[in-house]
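Undergrad: Mind having a look at this structure? Questions to follow.
Read-outs: derived from the displayed coordinates by stated rules, not from any lab. Here the structure is a predicted model, which is why all the values come from computation and not from measurement. Don't worry about glycine lacking a Cβ; one is built from the backbone with ideal geometry, like all the others, and counts go over all protein chains shown.
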Amino acid sequence: MSDARQVPEHDLRAAVDASLDHGHSPATIDLINEAVAQPGLDATLEILRIAHADSKLERSRDEVPTRSRLAQLITTDSQESAAARLRTRQSTRTRALLLASAAALMLAAAAVPLFIVEDRAAQPLGHVTSLSANARWADREIVDGFVVRGLDRLELEAGTAILELPGVRVDLLGPVAVTIESGARIRLHKGMVGAFVAAAGHGFTVRTDDLDAVDLGTEFAVARSIVEGTSVAVTDGVVNAILKDVSGNESRVVELFAGQQARFEAREQTLVRDGFDVAEILGRFMRVREVRGGIRKLSGGARAFDDISDALDLREGVVETGGRVYFVPEQRGVELTEPVTLETVSGRTTLPAGTVIDSYLAHYDIGRGATVVEGGNGAVSFGTPVLGVLATAAALTETDETFGLPGAAFAPAAHRGLEPDEDAVKVTSDRSAITFDVATTPGQSLDQFRVLVRARNP
């Protein structure tokens, strides 16, 4: 097809996104048909992204599109969906066009080693963890520990979650949609992500239609808006923002250091380094990070709060958690002016004067109307050593004023604390984490315990 126009990568990706969200249309099929005929385009990846998201493959997330399955999918689905729209005026032309499109797609798929892309699609790359209490997914239920694979698309409608990739922790701040293109790169379709990159993850990239944000050993946030383009803000280290033109070609590299930010929009080729409020990008990211505090990871039934105001009334029956345990960051940087002896799950513990402490309250409430006694179990790891866990009603009440969340309302002492014969909280041998297994008794829906850790910034 020598006279075919060059389809800009920006337009192709927009068509792919539209197919993922709304299914095939005559326009997207025409555009993909043109695109796969142009040289140098890795069309196979785009085709497989559409196929992988198709409902026919959702019945088994381990199913990988083979060449024959892909041919069946594209031919059948393309013919049926487009013919239904154009039946009254272009049925003959549409069928021929779609058959040609399917053939072109299959030729493009055959031109690239398909088994390489299939391996990429099937390979486990990481997992989802540390969901917030209000996390809600768009198209499927994703639980803690959910394994992500190449080409997976994750759309979080509300709340937050963490995506663990090799050497990288990605905060997903809903509403947000991403595609996992590899263990070292994600595509951000909309919303905001934050990335914490260790040495092993050097070079991690967040890709949008406007730019590639390439890590050089850092912590940064990226926000994507259809109207405003892509914003990048660096909180630590260095990021290279590789800007793109409308065809997806690199047009400029902007180096951003800690405390710097930039906004870029590919279609209009606008770059703003100053003159916009960085709080627009970092505001929620920093609030979530502050709420999480020194919590590094929540597993199993452990959940965090996005908004501390949700945790100001912790009396029985107010904040119901079902079978999960909510962890509420309380006082930060409390310095002891004299030695304090506490009854902890490990026995009597004396903390010396000068110890600086951060506190977290674990809250478990199945609700007063619950007729079935449920249990919650899981683990929480912290960035600093665990100094003690307070699990009796007396220990909680005695330390509310010192360590409790300011302004919070607590239940009467008799309704708090854990029951030794039913509940268990243990501190790991290296004091970096706790494990818990709690349950309630008939007539009492509430369990609470307090975790004291060494302050992050004493």
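Undergrad: Return the long-range amide H neighbours of THR344 (sequence gap of 5 or more, or a different chain), with a cut-off of under 5 Å between placed amide H atoms.
TA: THR349
Undergrad: Something else now. Would you mind getting me the FRET efficiency between ARG140 and VAL272? Use the beta-carbon distance for r and R0 = 45 Å, nearest 0.05. Mind showing how you got there, number by number?
TA: Details: r = 37 Å, r/R0 = 0.82.
Working from the Cβ atoms, E equals 0.75.
Undergrad: Can you tally the net charge around GLY383? Count Lys and Arg as +1, Asp and Glu as -1, for every other residue whose Cβ sits under 9 Å from the Cβ of GLY383. Mind dumping the intermediate values first?
TA: Details: positive: ARG296, ARG456; negative: none.
Here the charged neighbours net out to +2.
Undergrad: While we're looking at this one, here's another question. Would region 137-196 count as rounded, prolate or oblate if I go by the C-alpha gyration tensor, calling it rounded below 1.5 in a/c and otherwise prolate when a/b exceeds b/c, oblate otherwise? Show your work: numbers first, answer last.
TA: Details: a/c = 1.35, a/b = 1.23, b/c = 1.10.
It comes out rounded by the Cα gyration axes.
Undergrad: Within the set of other residues whose C-beta is less than 14 Å from the C-beta of GLU419, count the net charge using Lys and Arg as +1 and Asp and Glu as -1. Before the final figure, lay out the partial values.
TA: Numbers: positive: ARG416; negative: ASP421, GLU422, ASP423, ASP437, ASP447.
Net of charged neighbours comes to -4.
Undergrad: Extension gain LYS190-ALA408, at 0.36 nm per residue separation less the Cα-Cα distance, in nm?
TA: Values: separation 218, 0.36 × 218 = 78.48 nm, distance 3.53 nm.
Gain on stretching LYS190 to ALA408: 74.9 nm.
Undergrad: Ok, one more. For a quick check: with amide H placed at 1.01 Å from N, whose amide H comes under 5 Å from SER251's, ignoring anything fewer than 5 positions away on the same chain?
TA: Correct list: LEU243, LYS244, ASP245.
Undergrad: Residue-wise, which Karplus ³J(HN,Hα) couplings in Hz belong to region 314-330, taking 6.51 cos²θ - 1.76 cosθ + 1.60, θ = phi - 60°, and x for glycine or proline?
TA: With the stated coefficients, region 314-330 comes to 10, 6, 4, x, 8, 9, 7, 10, x, x, 10, 10, 8, 10, 10, x, 10 Hz.
Undergrad: Here is a further query. I need the fraction of alpha carbon pairs in region 230-273 separated by more than 15 Å, rounded to a whole percent.
TA: On the way: 351 of 946 pairs.
The calculated P(r) of region 230-273 puts 37 percent of pairs beyond 15 Å.
Undergrad: By its C-alpha gyration tensor, with a ≥ b ≥ c as the square roots of the eigenvalues, how is region 387-444 shaped: rounded for a/c under 1.5, else prolate for a/b larger than b/c, else oblate?
TA: Details: a/c = 2.36, a/b = 1.13, b/c = 2.09.
Here region 387-444 falls in the oblate category.
Undergrad: Taking amide hydrogens as modeled 1.01 Å from N in the peptide plane, which residues meet the under 5 Å criterion relative to THR321, leaving out close sequence neighbours?
TA: Placed amide hydrogens put ASP365, ILE366, GLY367 under 5 Å from THR321.
Undergrad: Continuing with this model, one more query. Would you please classify the overall shape of region 129-254 from the alpha carbon gyration tensor, given that a ≥ b ≥ c denote the square roots of the eigenvalues, rounded means a/c under 1.5, and beyond that prolate means a/b larger than b/c while oblate covers the rest?
TA: The shape class here is prolate.
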